[in-house]
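Asker: I'd like to ask you about the structure that follows.
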């Protein structure tokens, strides 16, 4: 299959108030992330490189001790095994995350 619709994909809760809708090929995984205001995806690591872009809202992101407030159009690239977290500010955040290689725990 070549084309997908995020609206047709059931969401998966990763934290209370935070959901993903994922799509993947052989080498990359795309994840549409919705985070409700004030909700945090806690500090964590994973071996995959993670890139992303803020689509809507605002996201506080901490990567290896560096913290920024990201707004629509802002992007990030996090190397594998680097600690990071994300927290929606007072506004709901919609983010597109891209993982390479594919993050198996996000295949559902």
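Asker: Residues that are without any contact (Cβ under 8 Å) to a residue 24 or more places away in the chain, out of contact with any helix residue (DSSP H, G or I) (no Cβ under 7 Å at 6 or more places or on another chain), loosely packed, with under 12 Cβ neighbours inside 10 Å and within 19 Å of residue 104 (Cβ to Cβ): does the range 76-85 have at least one? Even if it seems obvious, please write down each step before you answer.
Answerer: So in the range 76-85, the residues without any contact (Cβ under 8 Å) to a residue 24 or more places away in the chain come out as none.
Scanning the range 76-85 turns up no residue that is without any contact (Cβ under 8 Å) to a residue 24 or more places away in the chain, out of contact with any helix residue (DSSP H, G or I) (no Cβ under 7 Å at 6 or more places or on another chain), loosely packed, with under 12 Cβ neighbours inside 10 Å and within 19 Å of residue 104 (Cβ to Cβ).
Asker: More than 27 Å from residue 4 (Cα to Cα), more than 14 Å from the chain's Cα centre (by Cα) and in contact (Cβ under 8 Å) with a residue 40 or more places away in the chain - does that describe any residue in the range 54-75?
Answerer: Narrowing the range 54-75 to residues more than 27 Å from residue 4 (Cα to Cα): 60-69.
If we keep only those that are more than 14 Å from the chain's Cα centre (by Cα) too, we end up with 64-69.
From the residues that got through so far, the ones that are in contact (Cβ under 8 Å) with a residue 40 or more places away in the chain too are none.
Looking for residues that are more than 27 Å from residue 4 (Cα to Cα), more than 14 Å from the chain's Cα centre (by Cα) and in contact (Cβ under 8 Å) with a residue 40 or more places away in the chain, one finds none in the range 54-75, hence no.
Asker: A further question on this structure: Looking at this structure, is residue 28 exposed (fewer than 14 other Cβ atoms within 10 Å of the Cβ) and either on the phi < 0 side of the Ramachandran plot or modelled with pLDDT of 95 or more (or both)? I'd like the intermediate steps shown before the answer.
Answerer: Working: exposed (fewer than 14 other Cβ atoms within 10 Å of the Cβ): no; either on the phi < 0 side of the Ramachandran plot or modelled with pLDDT of 95 or more (or both): yes.
Against the criterion (exposed (fewer than 14 other Cβ atoms within 10 Å of the Cβ) and either on the phi < 0 side of the Ramachandran plot or modelled with pLDDT of 95 or more (or both)), residue 28 does not qualify.
Asker: Tally up the residues in the range 42-63 that are over 12 Å from residue 93 (Cα atoms) and surrounded by 11 or more Cβ atoms within 10 Å (Cβ to Cβ), please.
Answerer: Qualifying residue count, the range 42-63: 9.
The values are calculated or read from the model by the stated rules, or taken from the named source; none is laboratory data. Being a predicted model, the structure only gives us computed values, none of them experimental. Because the Cβ atoms are built from the backbone with ideal geometry, glycine has one as well, and the counts that use them run over all protein chains shown.
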